[in-house]
Each structure stands twice: as structure tokens, then as C-alpha cells.
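Chemist: A single structure is presented below for examination.
The values are calculated or read from the model by the stated rules, or taken from the named source; none is laboratory data. Just so you know, these numbers come straight off a predicted model, no measurement behind them. Ideal geometry is used to build each Cβ from the backbone, glycine not excepted, and the neighbour counts take in all protein chains shown. To get the accessible areas, we keep the full protein, side chains included, count just its heavy atoms, and leave off ligands, DNA and RNA. Shrake-Rupley method; radii C 1.70, N 1.55, O 1.52, S 1.80 Å.
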Amino acid sequence: MTRPTVPDRALVELGRTEGTPDTLAILARDQDTRRLLLLRAVLDAAEAAEPALCSPDRKSRLRDDWSLLAEADHPKPPRTAHPPGGESWDPRGMPPPGPGAPHPSSGAAYPPGGESWDPRGMPDPSSGTAHSPGGTPQDPRGVSYSSLGAPYCLPGTVQPPPPPPGVGLSPARDRLFHPLTGPWALSCLHGLDGRAGPPDEPRSRRLRQDLAHFSAIAAVAAARAGIPFTVRLTAYAGVLTLPSLGSLRTATTGDDLVDVTHREGCLTVRQPDAPDVLVRLESGIGAWSGALAWTPVHALPGLASAGGPMPLDDVDPYRVAPGPRPRTLGGAATLDDGDGKRWLQAWSGTEAALRTGGAHRVTEAVALLRCLVPLERPPGAEGRDSCSATRHEAFGALLSSTPQDALALAETLVHELHHAKLAALGDLVTLHHADAEARYFAPWKTDPRPYDGLLQGVYSHLALADYFQRRALRTTPPDSEYAWSRHARYRAQVGAALPGLVGSPDLTRRGRRFVDEMTATYERMADHPAPRNHTARAQAYVKAARALWTQRHAPAVPRPKE
């Protein structure tokens, strides 16, 4: 498989903080392909893992889960996919995933004739796969397209790259391309890495939980595909999570096995010593139940009229990164009715707020945004203060505290989606060869930034300066006054940091083209300057920020390379 090419036209568009649907589709399709490679790496690593990391029973269950997921990629008519007479369907009883492959539960590693068999119906690993030599998992961001023998595809599917988000996706791919599947898969890879030595109990428990989550992913995909099944899932710490549907508080607070049966859009959850819980699938996102123990995934209306519902997910266990977080970032939030209403109110006006800053802002949001994750407000936040983030491994997800209003949410979207755009572009194009040493001044940070961090910050602030200038030119006071003040602040910040980007000798040829377009966009803004009072305040702010930064850091920070 050759690495996708980013045409110069697309590079220019992205450098201007814009992007046609075709350009944005290049980024989205590449990230979707990487997600499939990441899943392949997880399954290869599990198959190669020592029993202490992944037991034979767990490997067998992963094969069963894959079989169910493959069924959901190409649903068959009920009369051929399932036994007659309405009997319950066991994924272990389905046909093998590939021609000549043994039944996944047979325990056979090789079919007759001595051909090697991958339990997921894929080519032999020696032909080129996403796992590293010796079965050691690697970060998918380091996967080289040129090292792969062929694109990873679910059994029986065609070879071209996946379609754009939300267009013609099977239930299986809809689940695999979901942003929060990425953090789950990376957690699996880290747990399966045999180089870390024998697993301790916390690591073993985390890995068991991660691998068991694949069963829930496969079950949700199969339910969406209309496949009848009965599977046994594991609830951890009293919670069973069905990604994109919701979560159930089980009758016990510990770890427990739960049987889940699907028939005609209805899930029956059966647990020991407790009444059955019936959960009915909603169209698109979420599921509802009369049981008080069930918490559904929230869904907001589509951002644009042609878009599907937008998940607002406060139940997925992989929605925020584990471990310490920046002090300015709130933790994962669980929404109450009031929070849900505030999100809906802000979201309902977001398309209009985005459009006043250019129709392309709506286009990029529709093309790139797939999931919203609510966060708590950061400690000590006041007024319009909020927090937001994106995660490289969760492309398409926006993490944000409850927005104050539609304009605040639109500003957050422009900011964070440009982090996502640049990260996705960086996976396709080498923009620079700078090291990770923090040495650059950025007016929006109190500490020195590495070159890549500076590039990310300048890019997102440039997009915001463009957004608010367009909004200022299209609105009337007081909206236009507020927009001019925001534009002036963001443009002054970009102007202070841009020389550090332009002057770097570490830019590649294509990186230079990209940064030149950013510079031209910055300079074109001078054609419609902000009122002098806003410009003066913005320049004073940046001057004060530079003075404070120099006082704190200049003597200890190496000068940028000449």
C-alpha cells in the first residue's frame, strides 16, 4: 500500500486554514485507514503474546469477536446467517472468516495443505502487516504505508480506502472509525507490549478490561447490523459499557459476567440475581431503557441539515486520557439534565455562528467532527472560562466543558479542529525536522514551546484570527466589536510567534510551502485592519507577555538555530 499523496493544491488550502471537502476527505480517510491498521496491530499483538499477557481462552474469544464484527461488516439474510427455528446464534458457529480457514474455535492454527492462517482472515503476517518484528506492538503513528503489502480490509470487503465519514459505512466500520476506538486500541497495545516485563496486577487487570471491551464493540456493531446473537460480556467495577449505546450499573459493584441477547433491535441484559434489563436501540446513536440503572449516550441534532446526529458521550471509559492532566483541563464530566439542555442550546446555534466566520468553517466541522466529549470546567474557572482539547489518537473527537453559548462553542470548534487538521496532515506530510527542545516564545503560553508545539499554536490562532475577522466584517455592534477585539488579539499573537516558524532551517520543502501560505494569510488580514483601539490593546497584551516570558526564561533557554 502506498502512502496517500497530499496534492499541492490541498497543502495550500490547509496552509490558509481552509479546505474543500475533497481535501478534508484526504485527512479523514487516512485517519480511518490508520484506525484499521491499529486494530490489526492489536489483534496481531494479542495472537503473538505470551499466555501471561493473553491467555489461550482470551485469544479464542478475540477470534470469536472478530467473526461477529466481520458478520456486521457484511450482514447476511437471517435465513442464511443464522440457524432455522429461531435458535439463539453463537458467533462461534458462523462460517470461517476466510476461504480455507479453520473454524475460529477449532483451535487449529493452520488449514490443510500447510498454508499459514491468520485467525482474522488476513494474509500471513510475513507478507507485511502493521505489527513490528517479533510480534511487538508499535504506535500506529509510526506505521509506514510503504511497508504494508496491501490495505487492511475486513474479510470479504473491497480494497479501496474507506468512504468519507458517515457515507455508506457498515455497522462494523462505523464502530471501528469511531474516535474513542483509537484510545482503546492504543491502551491494548501498551498492555500487550512484552518489553515491559511480566505484568503486575494493575496492568493485568487493565489489559483484561481492554481486551474484554472488544467484545462490547463487536456486540454493538452486530446489533446495529440487525444480527441476532447471545454473547457473554464482562462488567467491571459494577458498570457494563456498550460503546455508542450507553452503560448499565449492574446489581453488584464488582466485576461480573453478563449475558446480552439481541433480537430485532432489542437487547436483553441478563445478570445473576437481578431482573432482566431491556434496552432498545435508537436510530443512529444511543439506546433507551425503562431501567433506572441504564444511562444512554446523549445525541445532539446534526450540525447541518444533511448531517446525522452528533454523539455527546459521557459514558465511554476511553473518552479521556488516563493519568495526570494539565491543570487547565477539567476531568471527564457526567451530564445532568441541566448540562444536557445547555449543550443543546449552544449546539443549536453553532452552525449559524460558524457560518458568519465563513461557510468553510461549517464544511470542516461537518467533515471532521464525529463525537463530543463533555468535560468538567477547569478548577477556578470563572465567567466564559472553559477548557477544550483534542487527542491525536481520537481523531474526530472534541473534548470540551459545557459551552457558555453558541459563539463560544464555535470558537472552540475552530480552535480544536485546526489542531486535528494539522496533526492529521503531519501524519501524511513531513513538515519539519526540528527537535523537541522547548525554546520558542508563544504569547499564549507562559513556558517555552518546542517547534512542533509552536506550529500547532500558530496554526490554530491564525484560524481564529481569520474566523473573527470575517465575523467582524459581517456583523453589527455589539457583535462586531467583540469580534474585532478577538481578531486583534489572535492576530497580534500570531505576529509575535510567526518569525520563529518562518526562520527555522528545519522546515522541509513542503513545510516551507505550508508556512508560507500561513504567512500570506496573516499578511492579507491587514487589508481589513481592526479598529485602532482593539489593535493597541492587543499589541500591549503581547508586549507584556513577551516581557514576562523573557524575564522568566530567556537566560536559560537556548536560542533558536540560525
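Chemist: If I go through the stretch 194-212 residue by residue, how many of them are part of a helix (DSSP H, G or I), open to solvent by 20 Å² or more (accessible area, probe 1.4 Å) and out of contact with any strand residue (DSSP E or B) (no Cβ under 6 Å at 6 or more places or on another chain)? Don't jump to the end; show me each part of the working.
Modeler: Filtering the stretch 194-212 for residues part of a helix (DSSP H, G or I) gives 194-196, 201-212.
When the remaining residues are screened for being open to solvent by 20 Å² or more (accessible area, probe 1.4 Å), the result is 194-196, 201-206, 208-209.
After this cut, where a residue has to be out of contact with any strand residue (DSSP E or B) (no Cβ under 6 Å at 6 or more places or on another chain) as well, the list is 194-196, 201-206, 208.
Number of matching residues: 10.
Chemist: In the stretch 397-415, how many are open to solvent by 10 Å² or more (accessible area, probe 1.4 Å) and either of a type in the set (S, T, N, Q) or out of contact with any Lys or Arg (no Cβ under 8 Å at 6 or more places or on another chain) (or both)?
Modeler: 7
Chemist: Give all pairs with beta carbons closer than 8 Å in which a residue from the stretch 427-448 that is within 25 Å of ALA545 (Cα to Cα) meets a residue that is part of a loop (DSSP other than H, G, I, E, B) and of a type in the set (Lys, Arg); count only pairs at least 6 apart in sequence or on separate chains.
Modeler: ARG439/ARG559; PRO448/ARG439
Chemist: Follow-up. Scan the stretch 257-314 residue by residue and report those that are open to solvent by 50 Å² or more (accessible area, probe 1.4 Å), of a type in the set (A, V, I, L, M) and not in a strand (DSSP E or B).
Modeler: LEU292, ALA306
Chemist: Pairs please, first residue from the stretch 527-549 and closer than 15 Å to ALA497 by Cβ, second anywhere and assigned to a helix (DSSP H, G or I) and open to solvent by 80 Å² or more (accessible area, probe 1.4 Å), Cβ atoms under 6 Å, 6+ apart in sequence or on different chains.
Modeler: Listed pairs, sorted by first residue: ALA538/ARG489.
Chemist: Something else now. For residues that are closer than 24 Å to GLU481 by Cβ and touching a residue at least 24 places away in the same chain (Cβ under 8 Å), scanning just the stretch 363-404, find the one that is farthest from the chain's Cα centre (by Cα).
Modeler: Let us first name the residues in the stretch 363-404 that are closer than 24 Å to GLU481 by Cβ, namely 382-386, 403-404.
Next cut, touching a residue at least 24 places away in the same chain (Cβ under 8 Å) only: 384, 386, 403-404.
Values: ARG384: 26, SER386: 21, PRO403: 20, GLN404: 24 Å.
Residue satisfying both the conditions and the ranking: ARG384.
Chemist: Now a separate question. Answer yes or no as to whether ALA333 is aliphatic (A, V, I, L, M) and free of Cβ contacts under 8 Å to residues at least 40 places away in the same chain.
Modeler: On the way: aliphatic (A, V, I, L, M): yes; free of Cβ contacts under 8 Å to residues at least 40 places away in the same chain: no.
No, not satisfied.
Chemist: Of all helices (runs of 4 or more DSSP H) completely enclosed by the stretch 434-542, which ones contain at least 2 residues that are touching a Pro at 6+ places or on another chain (Cβ under 8 Å)?
Modeler: Of the helices (runs of 4 or more DSSP H) lying wholly inside the stretch 434-542, those with at least 2 residues that are touching a Pro at 6+ places or on another chain (Cβ under 8 Å) span 479-502.
Chemist: Could you please let me know if LEU407 is more than 14 Å from the chain's Cα centre (by Cα) and assigned to a helix (DSSP H, G or I)? Break it down into steps so the answer makes sense when it comes.
Modeler: Details: more than 14 Å from the chain's Cα centre (by Cα): yes; assigned to a helix (DSSP H, G or I): yes.
Criteria met by LEU407.
Chemist: Listed residues GLY191, GLY254, GLY226; which is open to solvent by 20 Å² or more (accessible area, probe 1.4 Å), in contact (Cβ under 8 Å) with a residue 40 or more places away in the chain and either more than 15 Å from LEU68 (Cα to Cα) or touching a Pro at 6+ places or on another chain (Cβ under 9 Å) (or both)?
Modeler: Numbers: GLY191 fails: open to solvent by 20 Å² or more (accessible area, probe 1.4 Å); GLY254 fails: in contact (Cβ under 8 Å) with a residue 40 or more places away in the chain.
It is GLY226.
Chemist: I want to confirm something. Restricting to the stretch 345-396 and keeping residues that are among the hydrophobic types (A, V, I, L, M, F, W, C) and open to solvent by 60 Å² or more (accessible area, probe 1.4 Å), which single residue is nearest to ALA185 (Cα to Cα)?
Modeler: Here is the first cut: in the stretch 345-396, the ones among the hydrophobic types (A, V, I, L, M, F, W, C) are 346-347, 352-354, 359, 362, 365-369, 371-373, 375, 381, 387, 389, 394-395.
Next, from what is left, pick out any that are open to solvent by 60 Å² or more (accessible area, probe 1.4 Å): 352, 366.
Numbers: ALA352: 36, VAL366: 25 Å.
Checking each candidate, the answer is VAL366.
Chemist: Further question on the same structure: Quick one: ARG470 ticks every box in (1) touching a residue at least 40 places away in the same chain (Cβ under 8 Å); (2) surrounded by 24 or more Cβ atoms within 10 Å (Cβ to Cβ) except a single one, so which number is it?
Modeler: (2)
For (1) of a type in the set (S, T, N, Q); (2) more than 22 Å from HIS432 (Cβ to Cβ); (3) in contact with a helix residue (DSSP H, G or I) (Cβ under 7 Å, 6 or more places away or on another chain), each residue gets a yes or a no:
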residue	(1), (2), (3)
ARG512	no, no, no
TYR522	no, no, yes
GLN539	yes, yes, yes
LYS543	no, yes, no
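Residues are listed down the side, and each one gets a yes or a no for (1) among the acidic types (Asp, Glu); (2) under 30 Å from the mean Cα position of the chain (by Cα):
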| residue | (1), (2) |
| --- | --- |
| GLU416 | yes, yes |
| ALA442 | no, yes |
| ASP452 | yes, yes |
| LEU455 | no, yes |
| ARG470 | no, yes |
| LEU473 | no, no |
| SER480 | no, no |
| ALA488 | no, no |
| GLY503 | no, no |
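Chemist: Among the listed residues SER244, SER289, identify the single one that is within 19 Å of ASP174 (Cβ to Cβ) and either of a type in the set (S, T, N, Q) or at pLDDT below 95 (or both). Don't jump to the end; show me each part of the working.
Modeler: On the way: SER289 fails: within 19 Å of ASP174 (Cβ to Cβ).
Going through SER244, SER289 in turn, the sole match is SER244.
Chemist: With respect to the numbered conditions (1) within 30 Å of ARG208 (Cβ to Cβ); (2) of a type outside the set (A, V, I, L, M); (3) modelled with pLDDT under 95, which one is the sole condition not fulfilled by TYR318?
Modeler: (3)
Chemist: Looking at ASP73, ASP22, ASP30, ASP65 in this structure, which one is of a type in the set (D, E, K, R) and at pLDDT below 95? Show your work before the answer.
Modeler: Values: ASP22 fails: at pLDDT below 95; ASP30 fails: at pLDDT below 95; ASP65 fails: at pLDDT below 95.
None of the others qualify; the one that does is ASP73.
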